[in-house]
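The values are calculated or read from the model by the stated rules, or taken from the named source; none is laboratory data. A quick note: this is a predicted structure, and the numbers were derived from the prediction, not measured. Neighbour counts run over all protein chains shown; Cβ positions are idealised from the backbone, glycine included. Keep in mind that these areas ignore ligands, DNA and RNA; they rest on the heavy atoms of the full protein, side chains included. Shrake-Rupley method; radii C 1.70, N 1.55, O 1.52, S 1.80 Å.
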Amino acid sequence: MAIHLTKESKVLVQGMTGGEGMKHTRRMLAAGTDVVGGVNPRKAGRTVDFDDRAVPVFGSVADGIQATGADVTVVFVPPAFARSAVVEAADAGIGLAVVITEGIPVHDSVAFTAYARRKGTRVIGPNCPGLITPGQSNAGIIPADITKPGPVGLVSKSGTLTYQLMYELRDIGFSTCVGIGGDPVVGTTHIDCLAAFQDDPDTDLVVLIGEIGGDAEERAAAYIREHVTKPVVAYIAGFTAPEGRTMGHAGAIVSGSSGTARAKKEALEAVGVRVGGTPTETARHVLAVLEAGR
């Protein structure tokens, strides 16, 4: 009942010994994640105590994989080191790299996502909250206590809206929630997650959260039309964005009518997706669709 992350996943944390890495490793462990090690070449051989669990620190991702069988890494390193961290993980043969770091130069993101793809490593992010399979595992910074396991799959550009929809639908629950990040270049797209949720027998409905900028949602609509038979409900952030104003989010580039919330809403509704005007209305659409299918 999951995509990309399960209770069997063994997780390394690159940057575990830094402030953010320590804080979120503790939260991941509390959520039941099997964190098997950290990676820091300068602190190899040490262990870090997290309440009742001592987590070893390895000098490289390859060493961590060899010692533990890890298949996931969560990247908390500073932006200047993110490219080399992902390349190292891909070279070591990791299956999934979750890049939490924000502020990574776009040319670095282009380079490491392409490199990882060639090596067979899936990248989620960068500049993302990660992903969670409630009740099983949590790789990243998503709060683990705002929902439960259930039949809804969630894929979102926005971290904050990921959390809000999880909370709005907390009584229904989720198979997996994936925050793909909103940067112009990301390793995993809406389409990638739609395909995975379509193939997941325990996901009955998919929630897609988008935002102004780019054409990812329009491309997702085209994919839904051809390949997705499960119901999809969407929310697009940015309907109140003023015309002609440069927005702060890295991926929020709007040119003419392309990339606007209205254009995305129209594209999705044209293929049968219900689009909510607010997160709360989106949650109501989900409940209505699930009730109708019972």
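Summary table below
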item: Matching residues in the stretch 113-164 - criterion: being outside any loop (DSSP other than H, G, I, E, B), open to solvent by 40 Å² or more (accessible area, probe 1.4 Å), more than 20 Å from GLY187 (Cβ to Cβ) and free of Cβ contacts under 8 Å to residues at least 60 places away in the same chain; result: THR160, TYR163
item: Those helices (runs of 4 or more DSSP H) lying entirely in the stretch 1-108 with at least 1 residues over 24 Å from ASP145 (Cα atoms) and either of a type in the set (D, E, K, R) or open to solvent by less than 40 Å² (accessible area, probe 1.4 Å) (or both); result: 61-68, 79-92
item: Positions within the stretch 139-161 being polar (S, T, N, Q) and closer than 21 Å to ASP215 by Cβ, in sequence order; result: SER156, SER158
item: Sole exception among (1) at pLDDT 95 or above; (2) not hydrophobic (A, V, I, L, M, F, W, C); (3) not in a helix (DSSP H, G or I) for GLN198, by number; result: (3)
item: Qualifying residues in the stretch 165-174 (those that are surrounded by fewer than 21 Cβ atoms within 10 Å (Cβ to Cβ) and of a type outside the set (Gly, Ala, Ser)) - the one nearest to LEU205 (Cα to Cα); result: ILE172
